[in-house]
Amino acid sequence: MLIDLHTHTHPLSHDSLLSPDELIDAARAAGLDAVCLTEHDFFWDHAEAAALSNRHDFLVIPGIEVNTEDGHIVVFGLERFVYGMHRMHELARLAETAGAVMIAAHPYRRQLPWQLRHDSPSADRRSDWSGALDRAAANQAYQHVTAMESHNGRGSDRENAFSAELAARLNLPTTGSSDAHERKDVGRAATQFERKITNLEDLITELRAGRFSPAILRPTPTASDI
């Protein structure tokens, strides 16, 4: 199954240009089997997500993207926002209590220097690249995640290469996601699951089991496309 684990819709994500209906139409057209609604610091009501899924006859799974002090974390298995979730140790505690799973989203952000984001580092910049990886690998948030997003559909090749190398250093399995904010984002990347997923509980089980891999469906955007 091809599932987009990381998407945003308007108005719950203020920076998205996609309505939920437009997202699902685009996902179906792109050949995806399901989408996850992961708004910024905002939970979908599970009944409303189920109604959306039924209306389109298309699997829709609710999650959230939490903006923590240590980076953005996609979470599946929590149902409401609790004050303090922006602190990673508190989010991890809540997730453990609820049996939720967490994925580190676009880990290149805040951690990869801007000048290294689009071009391969020159000889005198390779130490900067290595140093950025060292610092990112020391991020305590990654002790708590089940996987790392190695391919973000809105990231450059170099940004995603950084994420993939970081995941390899940390021995974390990797996912792909569109991080869609507008229609053109949908279908750039997703995650291929080995087994059929029919609901949130199945998704959590398969993420914990590691039976998935990132799927790059279209070329990454150039800087002018982002």
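The values are calculated or read from the model by the stated rules, or taken from the named source; none is laboratory data. Only a predicted model underlies this, so the values are computations on that prediction, with no experimental measurement involved. Every residue, glycine among them, receives a Cβ derived from its backbone with ideal geometry; neighbour counts consider all protein chains shown. Surface areas here come from the heavy atoms of the whole protein model, side chains and all, with no ligands, DNA or RNA. Shrake-Rupley method; radii C 1.70, N 1.55, O 1.52, S 1.80 Å.
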Inside the range 167-226, the number of residues satisfying the requirement of being assigned to a loop (DSSP other than H, G, I, E, B) and among the β-branched types (Val, Ile, Thr) is 6
Among the numbered criteria (1) within 22 Å of His181 (Cα to Cα); (2) in contact (Cβ under 8 Å) with a residue 40 or more places away in the chain, which single criterion is violated by Ala92? (1)
Filtered residue count, the range 25-52, keeping only those that are open to solvent by less than 20 Å² (accessible area, probe 1.4 Å) and either assigned to a helix (DSSP H, G or I) or closer than 16 Å to Thr9 by Cα (or both): 10
Say we look at the range 132-153 and pick out the residues that are hydroxyl-bearing (Ser, Thr, Tyr) and open to solvent by 20 Å² or more (accessible area, probe 1.4 Å); which of these is nearest to Arg183 (Cα to Cα)? Thr146
The one condition Leu133 fails out of (1) within 26 Å of Ser16 (Cβ to Cβ); (2) assigned to a helix (DSSP H, G or I) is (1)
Inspect all residues belonging to the range 79-101 and state whether any of them is under 15 Å from the mean Cα position of the chain (by Cα), under 24 Å from Gly155 (Cβ atoms) and part of a strand (DSSP E or B). yes
Inter-residue pairs, beta-carbon under 8 Å, first modelled with pLDDT under 95 and in the range 198-225, second assigned to a helix (DSSP H, G or I), 6+ apart: Thr220/Asp157; Thr220/Asn160; Asp225/Lys184
Residues located in the range 56-70, provided they are in contact (Cβ under 8 Å) with a residue 24 or more places away in the chain and not in a strand (DSSP E or B): His56, Phe58, Gly63, Asp70
The number of residues in the range 41-98 that are on the phi > 0 side of the Ramachandran plot and either modelled with pLDDT under 95 or in contact with a helix residue (DSSP H, G or I) (Cβ under 7 Å, 6 or more places away or on another chain) (or both) is 3
Within the range 113-127, can one find any residue that is outside any helix (DSSP H, G or I), among the hydrophobic types (A, V, I, L, M, F, W, C) and either open to solvent by 40 Å² or more (accessible area, probe 1.4 Å) or more than 26 Å from Glu206 (Cβ to Cβ) (or both)? no
